[in-house]
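Enquirer: Let me begin by handing over the structure; questions about it come next.
Any read-out appearing in this document is the output of simple, stated calculations on the displayed coordinates, not a laboratory observation. Please read these numbers as outputs of a predicted model, since none were measured by experiment. Glycine also receives a Cβ, built like all others from the backbone with ideal geometry; neighbour counts cover every protein chain displayed.
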Amino acid sequence: MIRLGVNVDHVATVRQARRANEPNPVAAAVLATLGGADGITVHLREDRRHIQDRDVFVLRETVTTRLNLEMATYEEMLQIALKVKPDEATLVPEKRQELTTEGGLDVVANEAAVRGAIDRLKAAGVHVSLFIDPDAAQVAASAKYGADAIEFQTASYSEARGEAAVAKELDKLRAATAQAVGLGLHVHMGHGLNYWNVQAVVRIPGVEELNIGHSIVSRAVLVGMERAVREMKLAMTEHYPNPKRA
Ligand code: PXP
């Protein structure tokens, strides 16, 4: 069974809309775990728009599965990650004005920063995953630098419309996954995955983990976190009614 990492950033987005102390992403993480999440993912952004430093430290103490910290590679964030020691750090690109992470990290162009972050995190016992596009050069560089895993950015797949465009994006993900597995990398995927488009992704041989946030938190607002996670775990199997591709 492929693991599900639940990204609870948007619980904190609602909290920060009022600079209040609810809803609490730590409580959401507990409920997500009860619903079957195999891990909890949070992105501590430079602008602290949702998750705050304290959330990450409290999650480190309370998450009973795996904590995955998404982070950019600059020094302040590395210092925090080295203190928190999440089970895994996923290195992502970050732009201040973006609504959400746009595109994968260009690990070829940013070799020195990425290698430096990998070496320091691994020395602290943190597994390192690189959030990259499904591109042969990016996969090869990730393996060369010593990453443990890569997470393929699935935005192009989830935003594709029409059978031919969807099939083309799935082919790219399939080829890049086969290459990564051949190089000894663990393969994760995430971004824009939802209850309707997730099934084609879980059928790709070699995928070990999905990280999903927006669609689960959106459903959780209406039906509760535990149920939303349980339904995503079901959607990741073949036994889910799939009336439409959203
Ligand atoms: N993986 C990474 C690296 C991300 O940056 C995000 C978005 O924070 C996700 C997965 C989850 O994407 P979504 O919220 O669209 O499910």
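Enquirer: Say R0 is 30 Å: what FRET efficiency, to the nearest 0.05, do residue 1 and residue 223 get from their beta-carbon distance?
Expert: 0.85
Enquirer: Oh, and also: If you average the sequence gap of Cα pairs under 8 Å that are 6 or more apart and divide by the length of the chain, what percent do you get for the contact order?
Expert: 19 percent.
Enquirer: Comparing 148, 133, 119, which has the greatest mean-square fluctuation in the GNM of the chain with Cα pairs linked when under 10 Å apart?
Expert: 119
Enquirer: Over its Cα atoms, what ratio of radius of gyration to 2.2 N^0.38 Å does the stretch 88-246 give?
Expert: So the stretch 88-246 has a normalised radius of gyration of 1.06.
Enquirer: So if R0 is 22 Å, what FRET efficiency would residue 106 and residue 161 give, r being the distance between their Cβ atoms, rounded to the nearest 0.05?
Expert: 0.30
Enquirer: In the chain, what is the count of Lys pairs whose alpha carbons are under 26 Å apart, counting only pairs at least 8 residues apart or on separate chains?
Expert: 15
Enquirer: Towards the positive end of the charge dipole of the stretch 105-246, with charges on Cβ (+1 Lys, Arg; -1 Asp, Glu), say which of 113, 223, 200 has the farthest Cα.
Expert: Of the listed residues, the answer is 223.
Enquirer: Tell me, in nm to one decimal, what length is gained between residue 48 and residue 87 on full extension, where the rule is 0.36 nm per residue of separation less the Cα-Cα distance?
Expert: Between residue 48 and residue 87, full extension yields an extra 11.9 nm.
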